[in-house]
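Remarks on the structure that follows.
What follows is calculated from the coordinates using simple rules that are stated; it is not laboratory data. No experiment lies behind these values; they were computed from the predicted model shown. Cβ: placed from backbone, ideal geometry, glycine included. Neighbour counts: every protein chain shown.
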Amino acid sequence: MSNNIENKVIVITGASSGMGEATARDLAAKGAKVVLGARRADKLDAVVKDITDAGGKAVAVVTDVTKLEDVQRLVDTAKEKFGRVDVIFNNAGLMPLSPLESLRIGEWDQMIDVNMKGTLYGIAAALPYMKEQKSGQVINVSSVYGHKVVATGAVYCATKHAVRAISEGLRQEVKDYNIRVTTISPGAVKTELTSHITEPGLAENVTDVVNEIGVPANTMANMVAFAISQPDDVDVNEILFRPTVQPQ
C-alpha cells in the first residue's frame, strides 16, 4: 500500500539542522525525493550524503530564504532534477525573543524577513508549478506562539500569527488547483532555535526550559509525514502540538 510519500518531490527550507533536517531524513527514508535548502553548505552536504549513502534521493541548494532568487533557485532545482514539485515545507525560522523596550530592531527585521517573507517566497516559487500540475501541498511552520502572545515574544508571535493568516488565505485561494495547505504549530522542540536569543538572561532561561521538557526534532517529521500521507482528497489544514508536560 502506498504511503502517499514515496516518489513525491519535497522541497524543505531550513534543512541543515533541527526540524528541517529530521524531516528530510524521515521523508527520504519513506521514499521521497528531497530538495534541501539552507545557508550552511557543509551541513547540507552532510545530510545529502547520509541520505544518498542509504539509498535515498536528495540534492542540496545553498539558500537564504530572505532572498527570493535563492528560494526560486531551490524550487527550480526540484523541477529540473525530478520533473515536478509536490510539496514545499517552509520550515526556516528564527526566534530571537526580547522585550520590545530592548529595541532590538535588527532582530525584528530578521524575524519578519525569515519567518514571514521567507514563507511567502516559498509560496511564490512553488505555486506556479503546483497550479500547472493541478496538485501539490504547501506546509508552513507557525508555532504555539502563533496562537497566543507572550511577553518578550511580541514580534516573534506576530510573525507566527502571520504565517497562519497567510496559510488560511492561500488555502481558500487554491482549491481550484487541487492544492493542499497545512500549517504546523510546534511547542517546545529541542533545536537550535533558542541560540538566536541575545537578550541577557533570557536565552539561558528559555534554553533550560526547552532542554527540560522539549520533544525531539523528529516529532515534527512525524507531523509532516502524517499531513503528506493523507489521501489526496484530505487536506489537513492545521496541526498544533506540544510536549505533554508543556502548560502553555
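For the residues 53, 235, 76, a GNM of the chain with alpha-carbon springs under 10 Å puts the largest fluctuation on 53.
The dipole here belongs to the chain: it is taken about the Cα centre, uses +1 on the Cβ of Lys and Arg and -1 on the Cβ of Asp and Glu, and is about 480 debye. Say R0 is 41 Å: what FRET efficiency, to the nearest 0.05, do residue 150 and residue 80 get from their beta-carbon distance? Efficiency, from the Cβ-Cβ distance: 0.45. A cut-off of 5 Å between modelled amide H atoms, ignoring neighbours fewer than 5 places along the same chain, links residue 240 with 185. If I fit a long axis through the Cα atoms of helix 41-53 and take the longest principal axis of the Cα atoms of the chain, what angle between them do I get, 0 to 90°, rounded to 10? The angle comes out at about 40 degrees. Springs between Cα atoms under 10 Å define the GNM used for the chain, and in it the highest mean-square fluctuation of 52, 194, 23 occurs at 52. For residue 226 and residue 177, the difference between the fully extended length at 0.36 nm per residue and the C-alpha to C-alpha distance is 15.5 nm.
The sum of -39500 (n - 2.57) across all DSSP H runs of n ≥ 4, divided by the residue count of the chain, sets its helix-only mean residue ellipticity at 222 nm to -14000 deg cm²/dmol.
In plain terms, the residue of 80, 168 with the fewest other Cβ atoms within 10 Å comes first and the most crowded comes last, giving 80, 168. Working from label points 7 Å from Cα in the Cα-to-Cβ sense, the residue 39 to residue 211 distance is 2.4 nm.
Pairs exceeding a 32 Å alpha-carbon distance, out of 49/79; 117/148; 30/148; 57/148; 81/148: 30/148; 57/148; 81/148. Which of rounded, prolate or oblate describes segment 9-241 when judged by the alpha-carbon gyration tensor and an a/c cut-off of 1.5? It comes out prolate by the Cα gyration axes.
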